[in-house]
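Notes for the one structure printed next.
The values are calculated or read from the model by the stated rules, or taken from the named source; none is laboratory data. Note that the structure is predicted; figures quoted are calculated from it, not measured. Note that each Cβ is placed from the backbone with ideal geometry, even for glycine, and that neighbours are counted across all protein chains shown. We work out accessible area using only protein heavy atoms, side chains counted, and drop any ligands, DNA or RNA first. Shrake-Rupley method; radii C 1.70, N 1.55, O 1.52, S 1.80 Å.
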Amino acid sequence: MPYSQSDCHRKPSIIILDFGSQYSELIARRVRETQVYSLVMSYTTTIKEILQLAPKGLILSGGPNSVYSERAPFCDPAIWDLKIPILGVCYGMQLMVHQLGGKVQKATGKAEYGKAPLHINDSNELLNNVTNGSTMWMSHSDSVQDMPKDFVSLAYTSNTKNAAIASHNRHLYGVQFHPEVVHSTEGMKMIRNFVHNICHCDSNWTTATFIDESIERVREQVGNKRVLLALSGGVDSSTLAFLLKKAIGNQLICMFIDQGFMRKGEPEFLMEFFNKKFNIHVEYINARKRFIAKLQGITDPEEKRKIIGSEFIRVFEEESKRLGPFDYLAQGTLYPDVIESAGTNIDPNSGERVAVKIKSHHNVGGLPKDLQFKLVEPLRTLFKDEVRKVGRSLGLPEEIVKRHPFPGPGLAIRILGEITTEKLDCLRDADLIVREEIRKAGLYDEIWQAFAVLLPVCSVGVMGDQRTYAWPIVLRCVSSEDGMTADWSRIPYEVLEIISNRIVNEVSGVNRVVFDITSKPPGTIEWE
Ligand code: XMP
């Protein structure tokens, strides 16, 4: 199973069986948008395990394989007789047809990819209220040629005669398109029809029930023991702090390790915010000197990360001993991390079965497993947007809820080459100007990340009558859904002009500002 039994304190109403699709997680999110709790599990999940969880419906994801390929992932065919409604999406539909005696037509070299109007023959149940001719997103090579016995075609597109099929008697449904992606304009209606009208799931997955259930569970888990939380000030650890404070009050001890790589004013802001404003006790650990000393002369980005990571662990160990002993450590692990570390064992690119991936956690907060703590991870079933909702509902101000992501090693990875206090101060000043001006222009919320990078090369400039020889600052602003892919943000020239003028005039050591116009891929968001 792709997650431990401890995640199952709440049984999922819908299980998404993952056949290696890049969209499995998105299907789970869409189902949760209907306020129905869903989990992603591997296609290898046994019938016994499924029955133990007693879901009201199953969704079989797409995947990169053909049912005819040697390495095609098959689920136990007994699944079709469970009498639990099943929706197969793309590969999931083809597998249903293949295993139930229909015929999947092998691709003849022509794939259907992109938007297609859906022509509806049967608008009962699954396609109820979906507009005839509405756009659905196609991405497939194989298709369903002959349906199994007892199935009817619900809809077609100009290239695919069986674009949606059903056996109404057996409550089995299949769609060749992807209702979960935004390009399928009425895909959500279909998902709602499936979870509410076909599976009869209740809408009981709400922020309020999540908070109540988590509080109860944390109290049960830790009893009267103390819990340590390494706070970073990001939305995940801040939400966790608020949730734990509500659950266990002063049994929660937070520690904030200042490595010296935070943004200008950030440590002061966090201490004031948590300790004074919200009465959540945070121990401030000033470890600035230790980190900068360890990084002297180091220019290789991977080496910098390793040093920062191991120094973080050392400080953490020392300080937790000093403040401890603690039985429990709280971590802001989220559901995508859980799926990624233990999830599907099909490589979505090659379609090959691969060994279960362990997430190489690039956070400096990632602590080694041999620390003698039991873990408290109440957010491990949540997606990022759900964490934001929980945070908001617990009273976390928008200022924190809407924060741009900030890497664990902080500004250290935004200074290329050797890190010095002079460069850190310079970058901090430039970074503050970027944030101020992006906010002033009203662009903060629509941008995924906006920040400055310092390059360790000097170029010639002129200021007044003086020739200068100083560093350039790179301005990096990107839009993104999840940080996996990104595009550079089209910032108005006027805003770029203000940022450039201010940085060159106000930040000593800088005489030039350049704007990065690279998307990801091929670039990355950070420079390093
Ligand atoms: P890249 O540079 O790989 O970044 O395109 C993708 C996203 O990850 C963030 N990032 C990090 N986040 N610890 C983090 O918590 C890290 O070490 C780290 N490195 C990169 C980056 O800011 C972007 O949002």
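Just the residues that are open to solvent by 20 Å² or more (accessible area, probe 1.4 Å) and touching a residue at least 60 places away in the same chain (Cβ under 8 Å), please, taken from the stretch 281-298. Within the stretch 281-298, ILE292, GLN296, GLY297, ILE298 meet the criteria.
Looking only at the stretch 391-414, decide whether some residue is farther than 30 Å from LYS294 by Cα, more than 16 Å from the ligand (Cβ to nearest atom) and acidic (Asp, Glu). Yes, because at least one residue in the stretch 391-414 is farther than 30 Å from LYS294 by Cα, more than 16 Å from the ligand (Cβ to nearest atom) and acidic (Asp, Glu). Can you confirm whether LYS106 is more than 16 Å from ILE16 (Cα to Cα), without any contact (Cβ under 8 Å) to a residue 60 or more places away in the chain, in the same structural domain as ASN162 (by TED's automatic domain parsing) and not aliphatic (A, V, I, L, M)? Judged against the criteria, LYS106 is a match. Might you check whether a residue that is within 23 Å of the chain's Cα centre (by Cα), polar (S, T, N, Q), crowded, with 16+ Cβ neighbours inside 10 Å and more than 30 Å from ILE248 (Cα to Cα) occurs anywhere in the stretch 163-175? Checking the stretch 163-175: not a single residue is within 23 Å of the chain's Cα centre (by Cα), polar (S, T, N, Q), crowded, with 16+ Cβ neighbours inside 10 Å and more than 30 Å from ILE248 (Cα to Cα).
Quick check on my filter: what residues within the stretch 384-409 are in a helix (DSSP H, G or I), among the small types (Gly, Ala, Ser) and surrounded by fewer than 20 Cβ atoms within 10 Å (Cβ to Cβ)?
Taking the stretch 384-409 first, the residues in a helix (DSSP H, G or I) are 384-393, 398-401.
From what is left, the residues that are among the small types (Gly, Ala, Ser) are 391, 393.
Selection gives SER393 alone.
Count, please, the residues in the stretch 64-99 that happen to be open to solvent by less than 40 Å² (accessible area, probe 1.4 Å) and under 19 Å from PHE194 (Cβ atoms). Final tally of qualifying residues: 18. Within the stretch 413-423, the set of residues being of a type in the set (A, V, I, L, M, F, W, C) and crowded, with 22+ Cβ neighbours inside 10 Å comprises ILE415, ILE419.
Return yes when THR239 is farther than 21 Å from SER393 by Cβ and either open to solvent by less than 30 Å² (accessible area, probe 1.4 Å) or out of contact with any strand residue (DSSP E or B) (no Cβ under 8 Å at 6 or more places or on another chain) (or both) and no when it is not. Against the criterion (farther than 21 Å from SER393 by Cβ and either open to solvent by less than 30 Å² (accessible area, probe 1.4 Å) or out of contact with any strand residue (DSSP E or B) (no Cβ under 8 Å at 6 or more places or on another chain) (or both)), THR239 does not qualify. Of all residues in the stretch 182-217, those satisfying the criterion of being within 12 Å of ILE14 (Cβ to Cβ), of a type in the set (A, V, I, L, M) and within 24 Å of the chain's Cα centre (by Cα) are ILE191, VAL195.
The residue of the stretch 72-128 that is modelled with the lowest pLDDT, among those that are within 33 Å of the chain's Cα centre (by Cα) and hydroxyl-bearing (Ser, Thr, Tyr), is TYR113. Might you let me know whether the stretch 431-439 holds any residue that is without any contact (Cβ under 8 Å) to a residue 24 or more places away in the chain and closer than 21 Å to ILE491 by Cβ? Scanning the stretch 431-439 turns up at least one residue that is without any contact (Cβ under 8 Å) to a residue 24 or more places away in the chain and closer than 21 Å to ILE491 by Cβ. Scanning the stretch 15-37 for residues that are over 19 Å from PHE177 (Cβ atoms) and more than 16 Å from the chain's Cα centre (by Cα) turns up ILE15, GLN35, VAL36, TYR37. Screening MET188 on (1) open to solvent by 60 Å² or more (accessible area, probe 1.4 Å); (2) part of a helix (DSSP H, G or I) shows it passes everything except condition (1). List the residue pairs whose Cβ atoms are under 6 Å apart, where the first residue sits in the stretch 299-314 and is on the phi < 0 side of the Ramachandran plot, the second is within 11 Å of the ligand (Cβ to nearest atom) and open to solvent by 40 Å² or more (accessible area, probe 1.4 Å), and the two are 6 or more positions apart or on different chains. Going by the 6 Å Cβ cut-off, the qualifying pairs are PRO301/GLU528. Are any of the residues in the stretch 453-467 within 14 Å of the ligand (Cβ to nearest atom), outside the structural domain of GLN22 (by TED's automatic domain parsing) and in contact with a strand residue (DSSP E or B) (Cβ under 6 Å, 6 or more places away or on another chain)? Yes, there is a match, as at least one residue in the stretch 453-467 is within 14 Å of the ligand (Cβ to nearest atom), outside the structural domain of GLN22 (by TED's automatic domain parsing) and in contact with a strand residue (DSSP E or B) (Cβ under 6 Å, 6 or more places away or on another chain). Highlighted here are the helices (runs of 4 or more DSSP H) found entirely within the stretch 231-336 that include at least 1 residues which are more than 16 Å from the ligand (Cβ to nearest atom) and touching a Cys at 6+ places or on another chain (Cβ under 8 Å): 235-248.
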